[in-house]
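Q: What follows is a structure written as structure tokens; I'll ask about it next.
The values are calculated or read from the model by the stated rules, or taken from the named source; none is laboratory data. On a predicted model such as this, the values are computed, not experimentally measured, just so you know. Don't worry about glycine lacking a Cβ; one is built from the backbone with ideal geometry, like all the others, and counts go over all protein chains shown. These accessible areas exclude ligands, DNA and RNA; they are computed on the full protein's heavy atoms, side chains included. Shrake-Rupley method; radii C 1.70, N 1.55, O 1.52, S 1.80 Å.
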Amino acid sequence: MILASQSPRRRELLAYIEPDFRVIPAVGEEHIPDGATPEQAVLALSRQKAEEIAARYKDEIIIAADTVVAIDGKILGKPHSEAEAFEMLSTLSGRVHSVFTGVCVIFADGGIENFAEETKVEFYPLTDEEIAAYIATGDPMDKAGAYGIQEKGAANVKGIVGDFYNVMGLPVGRLARILRGRI
């Protein structure tokens, strides 16, 4: 089994359900189809990653994932600057947003399971000072939507509806059921 991701969080989460796997990150250029919804985007991106690795490792089970944060139909990726992180967190402040993770599993027999999971996350209202202090920790800079629920960003979260692990980047329960049905 191969995890086609360099994310330490996905590595940790996959180990909860399958301790025996290798990590070989996909490195190809990702492309979101024009006009894609957040759900369609993560389905496409996870499939692109899985297919890239599956082309080289045909006798392995390949697992790839991609996560985005979306609000008002707009995808919030990883911030490129502190100002962009501030804008994202200000947008999420006091509101409910969606976290979508797309997962693609390609089995050695050619079977493919490609699915998306949505979790709703509500943030407390945040002051400019709270946002600036959080950005100063550095945590927001490598995460979709400029926060990590499993780290200091947890203090901003009022509640969630759905799979907590999905927000971290891998819907563990649903993936476990898919793997159990095929392994």
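Q: List the relative contact order of the stretch 2-78 as a percent without decimals, with contacts defined as Cα pairs under 8 Å and 6+ residues apart.
A: Over the stretch 2-78, the number comes to 33 percent.
Q: Could you work out the relative contact order of the stretch 37-178, using alpha carbon pairs under 8 angstrom and six or more residues apart, expressed as a whole percent?
A: Reported as a whole number, the value is 27 percent.
Q: Carbon and sulfur together cover what percent of the accessible area of the stretch 105-183 at a 1.4 Å probe radius?
A: Roughly 51 percent of what the probe reaches on the stretch 105-183 is carbon or sulfur.
Q: Would you list, by chain and number, the lysines whose Cα falls below 25 Å from the Cα of K143, excluding same-chain residues fewer than 8 positions away?
A: Here the lysines satisfying the reach criterion relative to K143 are K49, K74, K78, K120, K152, K158.
Q: Give the Kirkwood hydrodynamic radius (Å, one decimal) of the chain, defined as one over the mean of 1/r across all pairs of different Cα atoms.
A: 16.7
Q: Separate question: Sorted by packing (mean other beta-carbon atoms within 10 Å per residue), highest first, where do 49-56, 38-45, 136-143 land?
A: So the order, starting with the most tightly packed, is 38-45, 49-56, 136-143.
Q: While we're on this one: Which whole-angstrom value gives the distance between the alpha carbon centres of the stretch 69-118 and the stretch 129-183?
A: Using only Cα atoms, the two centres lie 10 Å from each other.
Q: Over 10 Å intervals from 0, what percent of Cα-Cα pairs in the stretch 69-136 sits in each interval?
A: Pairs per bin, as whole percents: 18, 39, 23, 12, 6, 0.
Q: Give me the percent relative contact order of the stretch 2-46, please, defined on Cα pairs under 8 angstrom at least 6 residues apart.
A: Once normalised by length, the contact order is 37 percent.
Q: Still on this structure: Which peptide among 153-165, 100-112 comes first, and what is the full order, when sorted by highest mean count of other Cβ atoms within 10 Å? Working shown, then result.
A: Values: 153-165: 15.5, 100-112: 18.9.
Descending packing order for the listed peptides: 100-112, 153-165.
Q: So, one more: State in Å² the accessible area per residue of the stretch 1-108; use a 1.4 Å probe, count heavy atoms of protein chains only, and round to the nearest integer.
A: 49
Q: Could you work out [θ]222 nm for the chain from helices alone, using -39500 (n - 2.57) per DSSP H run of at least four and dividing by all its residues? Round to the nearest 500 deg cm²/dmol. Show your work: numbers first, answer last.
A: Numbers: 6 runs with 63 residues, N = 183.
About -10500 deg cm²/dmol.
Q: For the chain, set up a Gaussian network in which alpha carbons nearer than 10 Å are linked by springs, and say which option among E82, E118, E129 fluctuates the most.
A: Taking springs between Cα atoms under 10 Å, the residue moving most is E129.
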